[in-house]
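Written below as C-alpha cells is the structure these notes are about.
No lab work stands behind these numbers, since they all come straight from the coordinates. In this text the structure is predicted, and so the values were computed from the model without any measurement. Every residue, glycine as well, gets a Cβ built from its backbone with ideal geometry; the counts of neighbours run over all protein chains shown.
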Amino acid sequence: MAKDKAQVVTKKTTSKDKSAFNQHEALQEMSDEDLMSQFQAGTVEAFNILVERYSDRLMQYLYRFLGDKKRCEDLLQETFLRVHRNRHSYRRIAKFSTWLYTIAGNLARSEYRKRKRRRMQSIQSVNRDNEEYEMEIPDESFSPDKHAESTIQDHYIQEAMNEIPPAFREVVVLRDIQQLAYDEIAEITGLPMGTVKSRINRGRTKLQALLEDVYPFQEEE
C-alpha cells in the first residue's frame, strides 16, 4: 500500500515537473510583447526570461555610453527594477525593446549629467580684495579607462567613445552596436528622424578619425 502511494506521488511530481518544463519552453518561444503580457498577468518567469534576453545587450549599451562598468551594473539593475515596478504602464502599441531602451537611456543620460557636474567641482576662494569668486577644478576620481575591457583593442574603442560628444555617442551605440532601426532610435531618444541620422553620421566620422589606425570602421551600405 505504501509503495502504491509512493508511486502515485512520484507520478504526480513527474507530471508537475513536465508541466512546468512545457510552460517554460512555451514562454521561451514567445515574443517580448507576449512575455510582458504574461508578466502583467502575474507570470514572474516571463519577466525572468526578458531579463535573460536583454541583460547583456543593455549592459553593453550602458557601458559604451558611460564607460564605468560598476556604475553600469547598478543602472542595469535599476532599469529592470523600473520595468518590474511599472509593468502595468506598458502598452503593446510600442515595442518592448523601445520601451526598455527608453528607460535605460533616461537613466544613462541622467547619470551622465550628474557625472559631468561632479567632474568640475566648484570651490570658493577669496582674492586679495576679499571678493568671493568661484574656481573650477577637474574631478580626477572619474576615470572610465580603469573599467575598460582587458583587450587593447577594446580599450581604444572605449577611449574613442568617451571622446565623442554624448549626443553622438548614444545614437552610434544604439545603431552600430545594438543594431536598432532608425525609427526605434528616434522613439528612444525623442529626436526627429533627420536629427538621428545626422548625429549617427557625425558620430561615425569622429569615431573613424579616432580609430582609423586601431580599428577599421566599416561604412553602412
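Between Y112 and E78, the contour length at 0.36 nm per residue exceeds the Cα-Cα span by 10.7 nm.
Once both labels are positioned 7 Å from their Cα atoms along Cα-to-Cβ, the gap between M193 and T102 label points is 1.8 nm. Between beta-carbons, use under 10 Å as the cut-off and find the net charge around A167, counting Lys and Arg +1, Asp and Glu -1. Local net charge: +3.
If the chain linking Q23 and S55 were pulled fully straight, counting 0.36 nm for each residue of separation and taking away their Cα-Cα distance, it would gain 9.3 nm. Each residue in S110, S55 was given a count of other beta-carbon atoms within 10 angstrom of its own, and listing them fewest first yields S110, S55. Extending 7 Å from the Cα toward the beta-carbon at both I93 and E45 defines two label points whose distance is 3.3 nm.
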